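**Q** Structure provided below as structure tokens; questions to follow.
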Amino acid sequence: MSTNSEDEVRVERPQTSAVGIPAIGHAMRYAVGEMGVRRGGKTLHALNQTSGFDCPGCAWPDPKADDRSFAEFCENGAKATAWEATRDRVGAEFFATHSVSELLEQDSHTLEHHGRLTEPMYLAPGASHYAPITWEKAFAVIAERLRALANPNRAAFYTSGRASNEAAFVYQLLARRLGTNNLPDCSNMCHESSGTALSETIGIGKGTVDLDDITEHAELIVIVGQNPGTNHPRMLTALEQAKRRGARIVSANPLPEAGLIRFKNPQSVRGLLGVGTRLTDRSLHVRVNGDLAMFAGVNKALLALEDAQPGAIFDHDFIETYCDGFEEACGAWRRLAWSEIESQSGLAREEIEGFATDVVAAKSVIVCWAMGITQHRNSVATIREIVNFLLLRGNIGRPGAGPSPIRGHSNVQGDRTMGISEKMPGLFLDKLREEFGFEPPRDHGLDTVNTIRAMRDGLIDVFFALGGNFVAATPDTAVSEAAMKNCALTVHVATKLNRSHLCHGREALLLPCLSRTERDHQARGDQFVSVEDSMSIVHSSHGHLAPGSDLLRSEVAIVAGVARELFGEDLGWSAMSNDYGVIRRHIEHVIEGFDNYEARVREPGGFTLPRGPHDSRTFHTATGKARFTVNEPDAVDVPEGHLLLQTVRSHDQFNTTVYGPDDRYRGIKGGRRVLFVNAEDLAARDLRDGDLIDLVSVWSDGERWAKGFRAVAYETPRGCAATYFPEANVLVPLDSTAVGSNTPTSKSVIIRIERSS
Ligand code: SF4
């Protein structure tokens, strides 16, 4: 099945509710199709249970151990699990009959759908086919190339957000023992802007909200730049619980997403047979990149209400005790013109003032956001303005209140906690030195965008990826693929074949690893791993299925194998891979909040890491206070005749993994090359719904083209458009990044559209 043909696309009416009976049908179809009835039933039964395995999908938290139902997963969790636990296999025979160039012709879906990788494969310089290699030889090749580097910074170690805490910790240790902080990760492309803004303003780079805050306490939940129906589906259950006890929901999004409108809970009769629960009370159809203006506008409206009733709106005790920068921020809001707010946000003043009345009526407010906020040039400023919004009424550090960036991959937050970052604080590096007795490098390393630049410029010889699909996840596809090919050696640890394994360096290794669902047996017995969810809960994950092949190794064992080949047993690499409890003891000594790690992570449901702003209104910022900041709205200036494009996921997709060609909620069937655009914008270009078009992005270094898309007239603000990644990543310029976080601006791409010739 191809997912890339615009000829096959059928467009139906977008749906106005999410989940319900169709979601159960889709989940079961995938589970049975990939795993079979018995294996599928057994596997899904263990998904997100306390003695089972953590969902390899998003990082939404699980309910408390006693509150879990028999089916603690969503359609997308079932798909992600089935995709990994498939019975299909890709071994030496497959690679002998398919050359790399032949496989490069296949789309992402087809490549991954071949099945699980079963043995280590090596692509020799100049070879056309991958061929089997033993683990020992593979480790020797990697160690030899790393040893031969002119300096350690000519290697880069990328991490995808699926790696467990244990694998991530050992991996960063390998990189730093080698002498480099080149640890780019997928977080650089998603919530880096959140981490940057939150660290600066409240002293912690994560959210401060618990699941209970949403389900039990918040009176107003604001959801901006997030599509939970597709990207974090179990969040809808939490939102439904909040609605049932009377909470209000305000959502702001350029597209009217089904999951923000109504939820049909598949675990209730009302959800299955009735109309479900209406979620959003106030829907704000904000322009792409209009969120900073919207939040500045609501803060200005709150200030006007405070001026009219001094002391009635703002939490002055909180502001005086815990914050600084308040007067400067108020000055900026007073100077800001409503005409500017309206034109940048695309919202009328009355809509924003209506939002402000919701805020005033609520004793506690949570703001949730995702990539719709973080992937713009001004993302860091936007999130700082969200913090301003929360600080004004003391909405941090009490029940039902706070910032909640929702993470997209199961352990992306945990990997950062474990030290996967090109610029970890000095304290972490000091502790690493104390624990292991070597001096870690102090110079900052390369993030994802800078790694691509360095590879492109011939400054990286060895690129090592612990999971992920680097060339599909990163911007500027042609540049990223060429950069990968510029390396001497590329190494990928993976469960399934993807395009990044085919855009290889002069020589390449493909190392197959265990998946979350599989039993992990090491010298000291069966092992479990641990992960951290979006709400800072660390818990265990136990695989149950027999491994897909006898030759698979765990991520920990692979990383430790490379390290042992390079450094012998200097840091006790074998002890760590034989018994992951040894790794957890090291983590306990190095990272704050992991005291008694082994015992606490074995408790059903795990434990919560400390969060100063949440626990005690402690703010580890430069001034020791929560910081109001001045953030002038500066939405992207879109030239006449152009559109502002955001790249989005379809419902049949998880990150770069494409399960199928449909996007059920948006009414798209049978293909992915579509552009959602306002009908008036089409008419203004003498185009109509259904026309075949090309997309051209415009940047200072020239134009980028993505050809052959079907125009779909859609309810999105004038001047805005949306299409799917990774197909549209070719349009995102590598040098267009967020100020302060260097995150690619995948939600703010200036394009023009042309009729296909
Ligand atoms: S909401 Fe996220 S973590 Fe939960 S089952 Fe679905 S994909 Fe998995």
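**Q** Tell me yes or no: at least one residue of the range 563-570 is small (Gly, Ala, Ser), touching an Asp or Glu at 6+ places or on another chain (Cβ under 8 Å) and in a helix (DSSP H, G or I).
**A** No: zero hits.
**Q** Would you say Gly274 is touching a residue at least 24 places away in the same chain (Cβ under 8 Å) and among the small types (Gly, Ala, Ser)?
**A** No.
**Q** I'm told Ala560 meets every condition in (1) crowded, with 24+ Cβ neighbours inside 10 Å; (2) within 26 Å of the chain's Cα centre (by Cα) except one. Can you identify the failing condition by its number?
**A** With respect to (1) crowded, with 24+ Cβ neighbours inside 10 Å; (2) within 26 Å of the chain's Cα centre (by Cα), Ala560 is out only on (2).
**Q** Still on this model: I need every pair where a residue in the range 520-537 that is on the phi > 0 side of the Ramachandran plot has its Cβ under 9 Å from the Cβ of a residue that is within 16 Å of the ligand (Cβ to nearest atom) and open to solvent by less than 20 Å² (accessible area, probe 1.4 Å), sequence separation at least 6 or different chains.
**A** Listed by first residue and then by second, the contacts come to Ser536/Pro61; Ser536/Gly207; Ser536/Gln413.
**Q** Could you grab the pairs with beta carbons closer than 7 Å, sequence gap of 6+ or different chains, first residue in the range 233-247 and touching a residue at least 60 places away in the same chain (Cβ under 8 Å) and farther than 10 Å from Asn265 by Cβ, second one in a helix (DSSP H, G or I) and open to solvent by less than 10 Å² (accessible area, probe 1.4 Å)?
**A** Correct list of pairs: Met235/Pro228.
**Q** Against the conditions (1) within 30 Å of Ser343 (Cβ to Cβ); (2) free of Cβ contacts under 8 Å to residues at least 60 places away in the same chain, where does Phe628 fall short? Just the number, please.
**A** Of (1) within 30 Å of Ser343 (Cβ to Cβ); (2) free of Cβ contacts under 8 Å to residues at least 60 places away in the same chain, only one is false for Phe628: (2).
**Q** Quick check on Arg672: is it surrounded by 23 or more Cβ atoms within 10 Å (Cβ to Cβ) and in contact (Cβ under 8 Å) with a residue 12 or more places away in the chain?
**A** Judged against the criteria, Arg672 is a match.
**Q** Have a look at Arg87, Arg116 and point out the one that is among the basic types (Lys, Arg), more than 16 Å from the ligand (Cβ to nearest atom) and at pLDDT below 95.
**A** That would be Arg87, the only listed residue that is among the basic types (Lys, Arg), more than 16 Å from the ligand (Cβ to nearest atom) and at pLDDT below 95.
**Q** Can you give me the number of residues within the range 201-212 that are open to solvent by 10 Å² or more (accessible area, probe 1.4 Å) and part of a helix (DSSP H, G or I)?
**A** The total comes to 2.
**Q** Starting from residues that are among the aliphatic types (A, V, I, L, M) and surrounded by fewer than 17 Cβ atoms within 10 Å (Cβ to Cβ), keep the ones in the range 95-107 and report whichever is farthest from the ligand (Cβ to nearest atom).
**A** The extreme case among them is Ala96.
**Q** Let me ask something else. Of the residues that sit in the range 717-754 and are open to solvent by less than 10 Å² (accessible area, probe 1.4 Å) and of a type in the set (Val, Ile, Thr), which one is nearest to Glu12 (Cα to Cα)?
**A** Applying the filter and picking the extreme gives Thr723.
**Q** Which pairs turn up if I take residues in the range 56-71 that are free of Cβ contacts under 8 Å to residues at least 40 places away in the same chain and at negative phi and look for partners that are within 12 Å of the ligand (Cβ to nearest atom) and assigned to a loop (DSSP other than H, G, I, E, B) with beta carbon separation below 9 Å, at least 6 apart in sequence or on another chain?
**A** From the range 56-71, the pairs are Arg68/Asn48; Arg68/Gln49; Arg68/Asp62; Phe70/Gln49.
**Q** Just one of Ser540, Ser574 is surrounded by fewer than 24 Cβ atoms within 10 Å (Cβ to Cβ), closer than 23 Å to Ile420 by Cβ and within 16 Å of the ligand (Cβ to nearest atom); which is it?
**A** Checking each option against the conditions leaves just Ser540.
**Q** Test Val298 against the stated conditions and say whether it is in contact (Cβ under 8 Å) with a residue 60 or more places away in the chain and either open to solvent by 10 Å² or more (accessible area, probe 1.4 Å) or not in a loop (DSSP other than H, G, I, E, B) (or both).
**A** For Val298, the condition - in contact (Cβ under 8 Å) with a residue 60 or more places away in the chain and either open to solvent by 10 Å² or more (accessible area, probe 1.4 Å) or not in a loop (DSSP other than H, G, I, E, B) (or both) - is met.
**Q** Return yes when Trp60 is closer than 30 Å to Glu715 by Cβ, within 16 Å of the ligand (Cβ to nearest atom) and among the aromatic types (Phe, Trp, Tyr) and no when it is not.
**A** So Trp60 fits the description; yes.
**Q** Can you name every residue in the range 396-414 that is more than 13 Å from the ligand (Cβ to nearest atom) and small (Gly, Ala, Ser)?
**A** Of everything in the range 396-414, those that are more than 13 Å from the ligand (Cβ to nearest atom) and small (Gly, Ala, Ser) turn out to be Gly397, Gly400, Ala401, Gly402, Ser404, Gly414.
**Q** Give me a count of the residues in the range 211-223 that are out of contact with any Ser or Thr (no Cβ under 7 Å at 6 or more places or on another chain) and more than 16 Å from the ligand (Cβ to nearest atom).
**A** So the count comes out to 6.
**Q** Moving on to the next point. Being on the phi > 0 side of the Ramachandran plot and among the acidic types (Asp, Glu) narrows it down to one residue among Asp686, Asp701, Asp662, Asp652; which is it?
**A** When all the criteria are applied, what remains is Asp686.
**Q** Return a yes/no flag: does the range 419-426 have any residue that is more than 26 Å from Phe73 (Cα to Cα), crowded, with 24+ Cβ neighbours inside 10 Å and not hydroxyl-bearing (Ser, Thr, Tyr).
**A** Checked against the condition, which is being more than 26 Å from Phe73 (Cα to Cα), crowded, with 24+ Cβ neighbours inside 10 Å and not hydroxyl-bearing (Ser, Thr, Tyr), the range 419-426 yields at least one hit.
**Q** Can you find a residue in the range 653-660 that is of a type in the set (S, T, N, Q), within 30 Å of Arg752 (Cβ to Cβ), open to solvent by less than 10 Å² (accessible area, probe 1.4 Å) and touching a residue at least 24 places away in the same chain (Cβ under 8 Å)?
**A** Yes, the range 653-660 contains at least one residue that is of a type in the set (S, T, N, Q), within 30 Å of Arg752 (Cβ to Cβ), open to solvent by less than 10 Å² (accessible area, probe 1.4 Å) and touching a residue at least 24 places away in the same chain (Cβ under 8 Å).
**Q** Being open to solvent by less than 20 Å² (accessible area, probe 1.4 Å), hydrophobic (A, V, I, L, M, F, W, C) and within 30 Å of Thr208 (Cα to Cα) is the filter here, so list the residues in the range 508-537 that pass it.
**A** Across the range 508-537, the qualifying residues are Phe528, Val531, Met535.
**Q** Residues that are of a type in the set (S, T, N, Q), in contact with a Ser or Thr (Cβ under 9 Å, 6 or more places away or on another chain) and open to solvent by 10 Å² or more (accessible area, probe 1.4 Å): which helices (runs of 4 or more DSSP H) entirely in the range 305-418 hold 3 or more of them?
**A** Once the helices (runs of 4 or more DSSP H) in the range 305-418 are filtered for at least 3 residues that are of a type in the set (S, T, N, Q), in contact with a Ser or Thr (Cβ under 9 Å, 6 or more places away or on another chain) and open to solvent by 10 Å² or more (accessible area, probe 1.4 Å), nothing remains.
The values are calculated or read from the model by the stated rules, or taken from the named source; none is laboratory data. It should be emphasised that the depicted structure is a prediction, and the values quoted were computed from it without experimental measurement. Here Cβ is always computed from backbone atoms with ideal geometry, including for glycine, and neighbour counts include all displayed protein chains. The accessibility values were calculated without ligands, DNA or RNA, using every heavy atom of the protein model including side chains. Shrake-Rupley method; radii C 1.70, N 1.55, O 1.52, S 1.80 Å.
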